[in-house]
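The values are calculated or read from the model by the stated rules, or taken from the named source; none is laboratory data. This structure is a prediction, so every number in the text was calculated from the model and none was measured. Here the Cβ is made from the backbone with ideal geometry for all residues, glycine too, and neighbour counts use every protein chain on show. With ligands, DNA and RNA removed, areas are computed over all heavy atoms of the protein, side chains included. Shrake-Rupley method; radii C 1.70, N 1.55, O 1.52, S 1.80 Å.
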Amino acid sequence: MSDGTLEIVLAVRGPDEARLVTALSEPGVGARVVRRCADVEELLAVTGAGLGTAAVVSADHPGLTRDAVTGLQTSGVRLLALVEVGAEWQRDRMLALGVDAVRPLDVAADEAVAALRATSDDVAGLAAGAVPASVPVLPGRSGRLVAVWGPHGAPGRTTVAVNLATELAARSPVPGQPQAPDVLLVDADTTTSSLAQHLALLDESSGIALAARAAGLGRLDGLALAELSPLLDTHLRVLTGIGRPSRWPELTLTSLEAVWAAAREIADLVVVDCGASIEEDEVLSYDTRAPQRNAATLATLRAADVVVVVGGPDPVSITRLVRALTDLDALGTPARRLVVVNRWRAARGRSASEVEEVLARRAGVVAPVLVPQDPVVDEALFAGRTLAEVAPHTAVRRSLADLARHVRGLVADPLGAAASAGPVAPSRVVH
(Lines give C-alpha, C1' and ligand atoms only; values in the text may rest on other atoms or scores of the structure.)
Protein backbone atom coordinates (compact mmCIF):
# COMPACT_ATOMS: atom_id res chain seq x y z
CA MET A 1 0.00 0.00 0.00
CA SER A 2 2.93 2.30 -0.76
CA ASP A 3 0.75 4.50 -3.01
CA GLY A 4 -1.82 4.98 -0.26
CA THR A 5 -4.35 2.62 -1.81
CA LEU A 6 -6.38 0.68 0.75
CA GLU A 7 -6.21 -3.06 0.05
CA ILE A 8 -9.58 -4.51 1.06
CA VAL A 9 -10.65 -8.10 1.65
CA LEU A 10 -14.41 -8.64 1.32
CA ALA A 11 -16.60 -11.14 3.14
CA VAL A 12 -19.98 -9.71 2.18
CA ARG A 13 -23.08 -11.81 1.61
CA GLY A 14 -25.76 -11.32 -1.04
CA PRO A 15 -26.01 -8.85 -3.92
CA ASP A 16 -24.21 -6.08 -2.04
CA GLU A 17 -20.90 -7.87 -2.62
CA ALA A 18 -20.98 -7.28 -6.38
CA ARG A 19 -22.04 -3.67 -5.89
CA LEU A 20 -19.18 -2.98 -3.49
CA VAL A 21 -16.61 -4.67 -5.71
CA THR A 22 -17.63 -2.46 -8.60
CA ALA A 23 -17.86 0.72 -6.50
CA LEU A 24 -14.53 0.18 -4.76
CA SER A 25 -12.83 -0.33 -8.12
CA GLU A 26 -13.85 3.10 -9.41
CA PRO A 27 -10.98 5.55 -10.03
CA GLY A 28 -10.34 8.01 -7.24
CA VAL A 29 -11.86 5.90 -4.46
CA GLY A 30 -8.42 5.10 -3.08
CA ALA A 31 -9.05 1.40 -2.56
CA ARG A 32 -9.00 -1.92 -4.36
CA VAL A 33 -10.47 -5.32 -3.57
CA VAL A 34 -7.69 -7.90 -3.30
CA ARG A 35 -9.80 -10.92 -2.32
CA ARG A 36 -13.44 -11.96 -2.04
CA CYS A 37 -14.06 -14.48 0.77
CA ALA A 38 -16.99 -16.80 1.25
CA ASP A 39 -16.96 -16.69 5.05
CA VAL A 40 -15.11 -15.38 8.09
CA GLU A 41 -12.91 -18.48 8.31
CA GLU A 42 -11.51 -17.77 4.84
CA LEU A 43 -11.18 -14.10 5.74
CA LEU A 44 -9.04 -14.99 8.78
CA ALA A 45 -6.86 -17.31 6.71
CA VAL A 46 -6.31 -14.73 3.98
CA THR A 47 -5.50 -11.83 6.28
CA GLY A 48 -3.38 -14.10 8.47
CA ALA A 49 -1.27 -14.79 5.39
CA GLY A 50 -0.63 -11.07 5.05
CA LEU A 51 -3.10 -10.19 2.29
CA GLY A 52 -5.07 -6.99 2.77
CA THR A 53 -4.94 -4.13 5.25
CA ALA A 54 -8.69 -3.73 5.73
CA ALA A 55 -11.75 -5.95 5.70
CA VAL A 56 -15.43 -5.37 5.00
CA VAL A 57 -17.73 -8.07 6.39
CA SER A 58 -21.45 -8.70 6.68
CA ALA A 59 -22.68 -8.48 10.25
CA ASP A 60 -24.80 -11.63 9.84
CA HIS A 61 -21.85 -13.95 9.18
CA PRO A 62 -22.14 -16.70 11.85
CA GLY A 63 -18.35 -16.88 12.23
CA LEU A 64 -18.02 -13.24 13.20
CA THR A 65 -17.16 -13.57 16.91
CA ARG A 66 -15.12 -11.62 19.43
CA ASP A 67 -12.16 -13.95 18.90
CA ALA A 68 -12.32 -13.43 15.13
CA VAL A 69 -12.44 -9.65 15.50
CA THR A 70 -9.49 -9.67 17.88
CA GLY A 71 -7.54 -11.92 15.51
CA LEU A 72 -8.08 -9.51 12.61
CA GLN A 73 -7.15 -6.47 14.64
CA THR A 74 -3.97 -7.93 16.07
CA SER A 75 -2.95 -8.73 12.47
CA GLY A 76 -3.23 -5.02 11.68
CA VAL A 77 -6.46 -5.35 9.69
CA ARG A 78 -9.12 -2.65 10.03
CA LEU A 79 -12.62 -4.06 10.15
CA LEU A 80 -15.84 -2.50 8.83
CA ALA A 81 -19.07 -4.37 9.56
CA LEU A 82 -22.14 -3.84 7.38
CA VAL A 83 -25.52 -4.12 9.07
CA GLU A 84 -29.02 -4.24 7.70
CA VAL A 85 -30.63 -0.83 7.32
CA GLY A 86 -32.48 0.07 10.52
CA ALA A 87 -31.21 -2.98 12.42
CA GLU A 88 -29.97 -1.27 15.56
CA TRP A 89 -29.57 -4.59 17.34
CA GLN A 90 -27.03 -5.65 14.72
CA ARG A 91 -25.16 -2.38 15.15
CA ASP A 92 -25.07 -2.81 18.92
CA ARG A 93 -23.82 -6.38 18.57
CA MET A 94 -21.00 -5.33 16.23
CA LEU A 95 -19.90 -2.59 18.60
CA ALA A 96 -19.98 -5.09 21.46
CA LEU A 97 -17.68 -7.36 19.44
CA GLY A 98 -15.22 -4.48 19.08
CA VAL A 99 -15.26 -3.93 15.30
CA ASP A 100 -13.58 -0.73 14.15
CA ALA A 101 -16.55 0.76 12.31
CA VAL A 102 -20.19 -0.02 11.51
CA ARG A 103 -22.14 1.16 8.46
CA PRO A 104 -25.41 0.11 6.75
CA LEU A 105 -25.34 -2.40 3.90
CA ASP A 106 -26.09 0.31 1.34
CA VAL A 107 -23.03 2.33 2.31
CA ALA A 108 -21.32 4.26 -0.50
CA ALA A 109 -17.81 3.18 -1.42
CA ASP A 110 -16.16 6.48 -0.48
CA GLU A 111 -17.86 6.44 2.93
CA ALA A 112 -16.70 2.88 3.57
CA VAL A 113 -13.12 3.80 2.70
CA ALA A 114 -13.27 6.92 4.89
CA ALA A 115 -14.55 4.85 7.83
CA LEU A 116 -11.71 2.36 7.43
CA ARG A 117 -9.06 5.06 7.14
CA ALA A 118 -10.36 6.76 10.30
CA THR A 119 -9.48 3.65 12.29
CA SER A 120 -5.89 3.37 11.09
CA ASP A 121 -4.19 4.74 14.20
CA ASP A 122 -6.03 2.46 16.63
CA VAL A 123 -5.40 -0.70 14.62
CA ALA A 124 -1.78 0.21 13.98
CA GLY A 125 -1.31 0.23 17.74
CA LEU A 126 -2.77 -3.27 18.01
CA ALA A 127 -0.55 -4.54 15.21
CA ALA A 128 2.47 -3.14 17.05
CA GLY A 129 1.69 -5.39 19.99
CA ALA A 130 -0.71 -3.42 22.17
CA VAL A 131 -3.32 -5.40 24.03
CA PRO A 132 -6.89 -4.87 22.75
CA ALA A 133 -8.89 -2.74 25.15
CA SER A 134 -11.29 -4.53 27.44
CA VAL A 135 -15.00 -4.00 26.97
CA PRO A 136 -15.95 -0.74 28.70
CA VAL A 137 -18.06 -0.93 31.83
CA LEU A 138 -21.34 0.89 31.53
CA PRO A 139 -21.93 3.96 33.71
CA GLY A 140 -23.60 3.41 37.06
CA ARG A 141 -21.41 0.68 38.53
CA SER A 142 -17.79 -0.36 38.26
CA GLY A 143 -17.32 -3.39 40.47
CA ARG A 144 -13.99 -4.73 41.69
CA LEU A 145 -12.71 -8.19 40.87
CA VAL A 146 -11.17 -10.42 43.55
CA ALA A 147 -9.35 -13.53 42.28
CA VAL A 148 -8.90 -16.46 44.68
CA TRP A 149 -5.91 -18.40 43.42
CA GLY A 150 -3.19 -20.74 44.64
CA PRO A 151 -0.62 -23.25 43.43
CA HIS A 152 -1.30 -26.91 42.71
CA GLY A 153 -2.26 -28.67 45.91
CA ALA A 154 -3.37 -25.46 47.64
CA PRO A 155 -5.87 -26.75 50.20
CA GLY A 156 -9.36 -25.34 50.38
CA ARG A 157 -9.13 -22.66 47.69
CA THR A 158 -12.78 -23.08 46.73
CA THR A 159 -13.79 -23.13 50.41
CA VAL A 160 -12.02 -19.80 50.87
CA ALA A 161 -13.69 -18.36 47.75
CA VAL A 162 -17.19 -19.48 48.76
CA ASN A 163 -16.99 -18.20 52.31
CA LEU A 164 -15.18 -15.01 51.33
CA ALA A 165 -18.00 -14.18 48.90
CA THR A 166 -20.73 -14.89 51.45
CA GLU A 167 -18.96 -12.79 54.09
CA LEU A 168 -18.53 -9.90 51.65
CA ALA A 169 -22.22 -10.02 50.75
CA ALA A 170 -23.50 -10.40 54.31
CA ARG A 171 -21.27 -8.13 56.36
CA SER A 172 -21.20 -4.35 56.74
CA PRO A 173 -21.50 -2.25 53.57
CA VAL A 174 -18.57 -0.91 51.60
CA PRO A 175 -17.86 2.69 52.76
CA GLY A 176 -20.01 5.13 50.85
CA GLN A 177 -22.67 2.56 49.95
CA PRO A 178 -26.12 2.63 51.58
CA GLN A 179 -26.43 -1.16 51.80
CA ALA A 180 -24.41 -4.35 51.72
CA PRO A 181 -22.56 -4.81 48.41
CA ASP A 182 -23.87 -7.04 45.66
CA VAL A 183 -21.44 -9.92 45.15
CA LEU A 184 -21.03 -12.28 42.20
CA LEU A 185 -19.24 -15.59 42.91
CA VAL A 186 -17.77 -17.20 39.78
CA ASP A 187 -16.20 -20.60 39.16
CA ALA A 188 -13.46 -20.09 36.55
CA ASP A 189 -11.49 -23.22 37.41
CA THR A 190 -11.20 -25.18 34.16
CA THR A 191 -9.40 -28.15 35.75
CA THR A 192 -11.11 -28.98 39.04
CA SER A 193 -14.37 -27.04 39.00
CA SER A 194 -16.34 -27.69 42.21
CA LEU A 195 -18.23 -24.56 43.19
CA ALA A 196 -21.64 -26.06 42.40
CA GLN A 197 -20.90 -29.04 44.63
CA HIS A 198 -19.80 -26.79 47.50
CA LEU A 199 -23.14 -25.01 47.41
CA ALA A 200 -25.32 -28.03 46.52
CA LEU A 201 -26.32 -26.47 43.20
CA LEU A 202 -27.35 -28.35 40.07
CA ASP A 203 -24.60 -28.10 37.46
CA GLU A 204 -26.52 -29.39 34.46
CA SER A 205 -25.48 -26.31 32.51
CA SER A 206 -22.37 -24.20 32.91
CA GLY A 207 -23.12 -20.57 33.64
CA ILE A 208 -19.65 -19.32 32.74
CA ALA A 209 -19.60 -21.28 29.47
CA LEU A 210 -22.96 -19.83 28.45
CA ALA A 211 -21.73 -16.34 29.39
CA ALA A 212 -18.52 -16.76 27.39
CA ARG A 213 -20.48 -18.01 24.39
CA ALA A 214 -22.80 -15.00 24.54
CA ALA A 215 -19.81 -12.68 24.92
CA GLY A 216 -18.13 -14.23 21.89
CA LEU A 217 -21.23 -13.43 19.83
CA GLY A 218 -21.50 -9.89 21.20
CA ARG A 219 -24.72 -10.67 23.06
CA LEU A 220 -23.61 -10.39 26.67
CA ASP A 221 -24.46 -7.45 28.88
CA GLY A 222 -25.18 -7.05 32.57
CA LEU A 223 -28.82 -8.12 32.21
CA ALA A 224 -27.92 -11.27 30.27
CA LEU A 225 -25.24 -12.19 32.79
CA ALA A 226 -27.67 -11.70 35.68
CA GLU A 227 -30.04 -14.20 34.06
CA LEU A 228 -27.21 -16.75 33.94
CA SER A 229 -26.17 -16.23 37.56
CA PRO A 230 -29.04 -17.04 39.95
CA LEU A 231 -29.35 -15.45 43.37
CA LEU A 232 -28.05 -17.56 46.22
CA ASP A 233 -28.94 -14.90 48.77
CA THR A 234 -30.22 -11.33 48.74
CA HIS A 235 -26.87 -9.86 47.71
CA LEU A 236 -25.07 -12.92 46.33
CA ARG A 237 -25.20 -14.37 42.81
CA VAL A 238 -23.40 -17.50 41.59
CA LEU A 239 -22.05 -18.25 38.10
CA THR A 240 -21.27 -21.97 37.93
CA GLY A 241 -18.23 -23.44 36.18
CA ILE A 242 -17.64 -26.05 33.50
CA GLY A 243 -18.46 -29.56 34.62
CA ARG A 244 -15.77 -31.26 32.53
CA PRO A 245 -12.14 -30.15 32.13
CA SER A 246 -12.36 -31.01 28.40
CA ARG A 247 -14.59 -27.96 27.91
CA TRP A 248 -11.76 -25.50 28.62
CA PRO A 249 -11.57 -24.20 24.98
CA GLU A 250 -14.98 -22.58 25.50
CA LEU A 251 -13.43 -20.01 27.85
CA THR A 252 -11.21 -17.82 25.68
CA LEU A 253 -9.28 -14.75 26.76
CA THR A 254 -11.31 -12.30 24.69
CA SER A 255 -14.66 -13.75 25.74
CA LEU A 256 -13.75 -13.67 29.43
CA GLU A 257 -12.68 -10.03 29.16
CA ALA A 258 -16.27 -9.30 28.17
CA VAL A 259 -17.63 -11.54 30.93
CA TRP A 260 -15.62 -9.67 33.58
CA ALA A 261 -16.77 -6.34 32.18
CA ALA A 262 -20.42 -7.44 32.41
CA ALA A 263 -19.79 -8.84 35.89
CA ARG A 264 -18.54 -5.46 37.06
CA GLU A 265 -21.83 -3.98 35.86
CA ILE A 266 -24.05 -6.16 38.03
CA ALA A 267 -21.89 -6.58 41.14
CA ASP A 268 -19.90 -4.35 43.45
CA LEU A 269 -17.52 -7.24 44.14
CA VAL A 270 -16.78 -10.17 41.85
CA VAL A 271 -15.09 -13.14 43.57
CA VAL A 272 -13.56 -15.63 41.14
CA ASP A 273 -12.32 -19.11 42.03
CA CYS A 274 -9.36 -19.74 39.67
CA GLY A 275 -7.47 -22.81 38.55
CA ALA A 276 -3.87 -23.28 39.62
CA SER A 277 -1.95 -23.33 36.35
CA ILE A 278 -0.75 -20.03 34.88
CA GLU A 279 1.79 -21.34 32.38
CA GLU A 280 1.56 -19.88 28.88
CA ASP A 281 2.40 -21.94 25.82
CA GLU A 282 5.13 -19.84 24.21
CA VAL A 283 4.52 -21.42 20.80
CA LEU A 284 0.76 -20.82 20.87
CA SER A 285 1.18 -17.30 22.29
CA TYR A 286 2.37 -16.16 18.86
CA ASP A 287 -0.94 -17.30 17.37
CA THR A 288 -3.56 -14.90 18.73
CA ARG A 289 -6.39 -17.21 17.63
CA ALA A 290 -5.03 -20.38 19.22
CA PRO A 291 -6.80 -21.40 22.44
CA GLN A 292 -4.73 -21.31 25.62
CA ARG A 293 -5.23 -24.08 28.17
CA ASN A 294 -4.95 -21.66 31.10
CA ALA A 295 -6.72 -18.72 29.49
CA ALA A 296 -9.42 -18.53 32.16
CA THR A 297 -6.96 -18.17 35.03
CA LEU A 298 -4.69 -15.79 33.09
CA ALA A 299 -7.60 -13.54 32.09
CA THR A 300 -8.86 -13.46 35.67
CA LEU A 301 -5.53 -12.64 37.30
CA ARG A 302 -4.79 -9.90 34.78
CA ALA A 303 -8.20 -8.34 35.31
CA ALA A 304 -8.15 -8.63 39.11
CA ASP A 305 -7.99 -5.72 41.51
CA VAL A 306 -7.07 -8.03 44.41
CA VAL A 307 -5.59 -11.55 44.35
CA VAL A 308 -6.11 -13.77 47.39
CA VAL A 309 -3.28 -16.31 47.23
CA VAL A 310 -4.08 -19.53 49.10
CA GLY A 311 -1.47 -22.01 50.32
CA GLY A 312 -1.05 -24.70 52.96
CA PRO A 313 0.97 -24.75 56.20
CA ASP A 314 3.18 -27.80 55.67
CA PRO A 315 6.73 -27.59 54.22
CA VAL A 316 5.69 -28.84 50.78
CA SER A 317 2.79 -26.37 50.54
CA ILE A 318 4.89 -23.45 51.80
CA THR A 319 7.53 -24.16 49.17
CA ARG A 320 4.85 -24.24 46.47
CA LEU A 321 3.36 -21.02 47.82
CA VAL A 322 6.69 -19.19 47.67
CA ARG A 323 7.23 -20.32 44.08
CA ALA A 324 3.67 -19.38 43.18
CA LEU A 325 4.18 -15.83 44.45
CA THR A 326 7.25 -15.54 42.23
CA ASP A 327 5.24 -16.79 39.26
CA LEU A 328 2.53 -14.25 40.06
CA ASP A 329 5.15 -11.48 40.03
CA ALA A 330 6.33 -12.66 36.61
CA LEU A 331 2.77 -12.56 35.29
CA GLY A 332 2.75 -8.81 35.81
CA THR A 333 -0.72 -8.37 37.26
CA PRO A 334 -1.13 -4.97 38.95
CA ALA A 335 -3.49 -6.41 41.55
CA ARG A 336 -2.85 -6.04 45.25
CA ARG A 337 -2.60 -9.33 47.06
CA LEU A 338 -3.45 -11.08 50.30
CA VAL A 339 -1.71 -14.32 51.29
CA VAL A 340 -3.74 -16.97 53.11
CA VAL A 341 -2.26 -20.00 54.86
CA ASN A 342 -5.25 -22.32 55.03
CA ARG A 343 -5.85 -25.30 57.34
CA TRP A 344 -3.33 -24.02 59.84
CA ARG A 345 -2.77 -26.32 62.81
CA ALA A 346 -0.24 -26.13 65.59
CA ALA A 347 2.38 -28.87 65.79
CA ARG A 348 5.24 -29.78 68.12
CA GLY A 349 8.10 -27.34 67.64
CA ARG A 350 6.23 -25.28 65.05
CA SER A 351 4.40 -22.04 65.62
CA ALA A 352 2.61 -19.42 63.56
CA SER A 353 5.60 -17.10 63.89
CA GLU A 354 7.79 -19.72 62.20
CA VAL A 355 5.53 -19.82 59.14
CA GLU A 356 5.38 -16.05 59.06
CA GLU A 357 9.17 -15.82 59.27
CA VAL A 358 9.67 -18.25 56.37
CA LEU A 359 7.21 -16.40 54.14
CA ALA A 360 8.72 -13.04 55.06
CA ARG A 361 12.27 -14.19 54.37
CA ARG A 362 11.61 -16.13 51.18
CA ALA A 363 8.73 -14.18 49.60
CA GLY A 364 8.55 -10.81 51.35
CA VAL A 365 5.11 -11.61 52.75
CA VAL A 366 4.26 -9.69 55.91
CA ALA A 367 1.72 -11.15 58.35
CA PRO A 368 -0.11 -13.74 56.24
CA VAL A 369 -3.70 -14.56 57.08
CA LEU A 370 -3.90 -17.86 59.00
CA VAL A 371 -7.13 -19.84 58.68
CA PRO A 372 -7.26 -22.71 61.20
CA GLN A 373 -8.12 -26.29 60.36
CA ASP A 374 -11.52 -27.34 61.67
CA PRO A 375 -13.67 -30.44 60.98
CA VAL A 376 -16.69 -28.16 60.76
CA VAL A 377 -15.54 -27.23 57.23
CA ASP A 378 -16.29 -30.80 56.15
CA GLU A 379 -19.69 -30.60 57.81
CA ALA A 380 -20.51 -27.48 55.84
CA LEU A 381 -19.37 -29.12 52.60
CA PHE A 382 -21.51 -32.23 53.17
CA ALA A 383 -24.48 -29.97 53.92
CA GLY A 384 -23.85 -27.76 50.88
CA ARG A 385 -23.89 -24.69 53.10
CA THR A 386 -21.51 -21.94 54.18
CA LEU A 387 -19.68 -21.63 57.49
CA ALA A 388 -21.79 -18.62 58.42
CA GLU A 389 -24.83 -20.89 58.27
CA VAL A 390 -23.37 -24.03 59.86
CA ALA A 391 -20.83 -22.73 62.39
CA PRO A 392 -21.00 -18.94 62.76
CA HIS A 393 -19.10 -18.78 66.06
CA THR A 394 -16.09 -20.92 65.18
CA ALA A 395 -12.51 -19.68 64.80
CA VAL A 396 -12.36 -20.71 61.14
CA ARG A 397 -15.44 -18.69 60.31
CA ARG A 398 -14.11 -15.66 62.20
CA SER A 399 -10.84 -15.90 60.27
CA LEU A 400 -12.65 -15.83 56.93
CA ALA A 401 -14.79 -12.94 58.11
CA ASP A 402 -11.59 -11.06 58.98
CA LEU A 403 -10.21 -11.91 55.54
CA ALA A 404 -13.34 -10.36 54.02
CA ARG A 405 -12.70 -7.19 56.01
CA HIS A 406 -9.16 -7.02 54.64
CA VAL A 407 -10.43 -7.48 51.09
CA ARG A 408 -13.11 -4.86 51.61
CA GLY A 409 -10.49 -2.44 52.84
CA LEU A 410 -8.34 -2.93 49.75
CA VAL A 411 -11.12 -2.56 47.21
CA ALA A 412 -12.40 0.55 48.97
CA ASP A 413 -9.15 2.32 48.03
CA PRO A 414 -9.14 4.46 44.88
CA LEU A 415 -8.29 2.30 41.87
CA GLY A 416 -5.18 4.30 41.05
CA ALA A 417 -3.79 3.97 44.56
CA ALA A 418 -4.49 0.26 44.62
CA ALA A 419 -2.71 -0.28 41.34
CA SER A 420 0.32 1.80 42.21
CA ALA A 421 0.87 0.60 45.73
CA GLY A 422 1.77 -2.98 44.73
CA PRO A 423 1.29 -6.02 46.97
CA VAL A 424 -0.09 -5.15 50.38
CA ALA A 425 -0.16 -7.51 53.33
CA PRO A 426 -2.90 -7.31 55.94
CA SER A 427 -2.43 -7.21 59.64
CA ARG A 428 -2.45 -10.69 61.10
CA VAL A 429 -5.75 -12.41 61.70
CA VAL A 430 -6.31 -13.07 65.38
CA HIS A 431 -8.19 -16.26 66.26
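What is the gain in length, in nm to one decimal, between residue 327 and residue 5 on full extension, counting 0.36 nm per residue of separation less the C-alpha to C-alpha distance?
Using 0.36 nm per residue and subtracting the Cα-Cα distance, I get 111.3 nm.
At residue 92 and residue 357, where each label point lies 7 Å from the Cα along Cα→Cβ, what is the point-to-point distance in nanometres?
Reported label-point gap for residue 92 and residue 357 is 6.2 nm.
To the nearest 10 Å², what's residue 231's accessible area with a 1.4 Å probe?
Probe radius 1.4 Å; accessible area of residue 231 about 110 Å².
Give me the extension gain from residue 405 to residue 191: residue separation times 0.36 nm, minus the current Cα-Cα distance, reported in nm with one decimal.
Here the segment from residue 405 to residue 191 would lengthen by 74.1 nm.
Count the net charge of all other residues whose Cβ sits under 15 Å from the Cβ of residue 37, scoring Lys and Arg as +1 and Asp and Glu as -1.
That works out to -4.
Accessible area per residue of segment 184-249 at 1.4 Å probe, in Å²?
It amounts to 46 Å² per residue over segment 184-249.
Assuming R0 = 30 Å, what is the FRET efficiency of residue 247 and residue 223, from their Cβ-Cβ distance, to the nearest 0.05?
0.75
Can you figure out the FRET efficiency of residue 412 with residue 22, using R₀ = 60 Å and their beta-carbon distance, to the nearest 0.05?
FRET efficiency, residue 412 to residue 22: 0.50.
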